[in-house]
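The structure appears below as structure tokens.
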Amino acid sequence: MSLIRKTAREVRTMLAEGDVTTADLLDVLEARVTEVDGPINALPTLCFDRARGGAVDKDSVLGGIPVAIKDLSAVEGVRTTYGSPIFKDNVPEASDHIVSRIEENGGIVYAKSNTPEFGAGASTFNEVFGRTYNPWNLSRSVAGSSGGSAAALVSGQAWLAHGSDMGGSLRNPASFCGCVGLRPSAARVPSGPSANEFDVLGQQGPMARNVGDLGMFLDAMAGAHAAEPYGQPEDAFRKAAEAPAVPQRVAWSADFNGLTPVDPEVRAITESAAKRFEALGATVDEACPDYSAAHDAFQVLRAISFATGHDDDYRNHKDLLKPDVVWNIEKAFDITGADVVRANLIRNRMTQSHAAFFQTYDLLLSPATIVPPFAAEDRTVTACDGVEFETYIDWLAIAYAVTLTSAPALSLPCGFTGDGLPVGLQMVGPLHGEAPLLSYAAALEADLGLDLGPIDPREGPIPK
């Protein structure tokens, strides 16, 4: 397991110096998948033959590192199901832009990671491949929708894994599984082709075992795409992630001023991690932007996004869609023009509040998700700390409030529950502020010094 335990950046150096080849890495990963993925079910589709046939540019960003791609993104010639029975036999003729970008920058695709149908619902299961289980405790959920990617990283089946995030789909699995996941700011990385090219609610992003590897992977993803209407310039994200920095003023909020309930143990673990910045020399205040109307805006904009993106699926294959997807689509049919205006105005005010807040603060911290990993068979969280939720996505508010602002946010492992399950700290930066965010995350990661594996799958809690 020695090569599996190395960081992606260490592997990148070994590739550059000729100590290993991409073929060697693929052999190691194939053996590891065979060894551990059976009870986890993180990587249901493998394409090692395709990976071994690809050309490798040793001077590229990734230099031939194997990469797992979430099954919501098309990979040319590889079964891509989107977790839906509608596409259970789909083999696309072209890759999505993010996959092409990763491959152009030296990533070698060898597997597709499991996801809920069309990414709907923060629990990774579907009718095509079944459920993904948490390596830390196989009775627990990996959250979603990038649950397969997170589980693959933590169990040593990947050095780098791609994900995507609308309402926390990168951040929640990273929190539940004990890895790092970044939702970049809007259009930092390509996200098309899409039936809804102008929608930036969902974003593609990197997942890794540590902040430095995350920065390197973001370098391989970032930059505008000629076929997409939005885009941001590239930046030196690995450089930022390898230069830990302590912010001057940090804001901490457990619940964004009452926006959401939070499990008491999660609150305590994340608050303790946030307060560690004080020992590093920062001022830490309890404060946050005004996210108070996030529920109303997100429910409306998410419904419109689902109805637009899955119009054909709904019209022609409604009987094959899971109820959560149907509910999200049909919710849009009752939305009025006035509802859309209100949602957009709320989003604008939230973004303005966020930008103004970061004139005073350098960093905003909160729990990445409000509960520890729940039972694997549960579809969603229905209540927390005595509060009942109305819909299956209400428990994601701590994440989707930030989504609405288009600011970058990541989940950093920050501790463990009494049962030995990981907990993530959400770290939020200013608009377009991935570089300083990565530097601050690197400083806290080094201070925490957690041992996060990779691990073999476990049947129950870590022995005391």
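What are the residues in the range 189-213 that are farther than 16 Å from residue 96 by Cβ and open to solvent by less than 10 Å² (accessible area, probe 1.4 Å), if any? Matches in the range 189-213: 201, 207, 208, 211, 212, 213. Taking the range 428-448 as the range and being of a type in the set (A, V, I, L, M), in contact with a strand residue (DSSP E or B) (Cβ under 9 Å, 6 or more places away or on another chain) and either over 14 Å from residue 280 (Cβ atoms) or open to solvent by 10 Å² or more (accessible area, probe 1.4 Å) (or both) as the test, the residues that pass are 428, 437, 438, 448.
If I filter the range 99-132 down to residues being of a type in the set (Lys, Arg) and in contact with a strand residue (DSSP E or B) (Cβ under 8 Å, 6 or more places away or on another chain), which single residue comes out as most open to solvent (accessible area, probe 1.4 Å)? Talk me through it step by step, then tell me what you get.
Keep residues of the range 99-132 that are of a type in the set (Lys, Arg), which gives 101, 112, 131.
So of that shortlist, the ones also in contact with a strand residue (DSSP E or B) (Cβ under 8 Å, 6 or more places away or on another chain) come out as 112, 131.
Numbers: 112: 1, 131: 56 Å².
So, considering only residues that are of a type in the set (Lys, Arg) and in contact with a strand residue (DSSP E or B) (Cβ under 8 Å, 6 or more places away or on another chain), the one most open to solvent (accessible area, probe 1.4 Å) is 131.
For the range 188-245, the candidate set comprises residues that are more than 18 Å from residue 432 (Cβ to Cβ) and not in a loop (DSSP other than H, G, I, E, B); within that set, the residue that is nearest to the chain's Cα centre (by Cα) is 207.
Where the second residue is outside any helix (DSSP H, G or I) and open to solvent by less than 60 Å² (accessible area, probe 1.4 Å) and the first is polar (S, T, N, Q) and lies in the range 432-460, which pairs have Cβ atoms under 7 Å and are six or more apart or on separate chains? Once the first residue is polar (S, T, N, Q) and sits in the range 432-460, its partners that are outside any helix (DSSP H, G or I) and open to solvent by less than 60 Å² (accessible area, probe 1.4 Å) give 439/243; 439/245. Taking every residue in the range 91-109 that is under 12 Å from residue 76 (Cβ atoms) and without any contact (Cβ under 8 Å) to a residue 60 or more places away in the chain and pairing it with any residue that is acidic (Asp, Glu) and part of a loop (DSSP other than H, G, I, E, B), at least 6 positions away or on another chain, the pairs with Cβ-Cβ distances below 7 Å are 92/76; 93/76; 94/76; 95/76.
How about the range 138-158: which of its residues are out of contact with any helix residue (DSSP H, G or I) (no Cβ under 8 Å at 6 or more places or on another chain) and open to solvent by 10 Å² or more (accessible area, probe 1.4 Å)? Across the range 138-158, the qualifying residue is only 139. Using the structure shown, decide if residue 106 is small (Gly, Ala, Ser) and either in a strand (DSSP E or B) or over 22 Å from residue 166 (Cα atoms) (or both). Yes; evaluated as a whole, the condition is true for this residue.
Scanning the range 381-393 for residues that are at pLDDT 95 or above and within 18 Å of residue 120 (Cβ to Cβ), which turns out surrounded by the fewest Cβ atoms within 10 Å (Cβ to Cβ)? Write out each step before concluding.
Just the residues of the range 381-393 that are at pLDDT 95 or above, to begin with: 381-389.
Add one more test, that the residue is within 18 Å of residue 120 (Cβ to Cβ), and what stays is 381-382, 389.
On the way: 381: 21, 382: 14, 389: 17.
Among residues in the range 381-393 that are at pLDDT 95 or above and within 18 Å of residue 120 (Cβ to Cβ), the one surrounded by the fewest Cβ atoms within 10 Å (Cβ to Cβ) is 382.
Against the list (1) free of Cβ contacts under 8 Å to residues at least 40 places away in the same chain; (2) more than 23 Å from the chain's Cα centre (by Cα), the condition residue 57 fails is (1).
When residue 304 is tested against (1) within 21 Å of residue 166 (Cβ to Cβ); (2) open to solvent by less than 50 Å² (accessible area, probe 1.4 Å), just one condition goes unmet, and that condition is (2).
The values are calculated or read from the model by the stated rules, or taken from the named source; none is laboratory data. For clarity, every value in this text was computed on a predicted model and none was experimentally measured. Glycine also receives a Cβ, built like all others from the backbone with ideal geometry; neighbour counts cover every protein chain displayed. Surface areas here come from the heavy atoms of the whole protein model, side chains and all, with no ligands, DNA or RNA. Shrake-Rupley method; radii C 1.70, N 1.55, O 1.52, S 1.80 Å.
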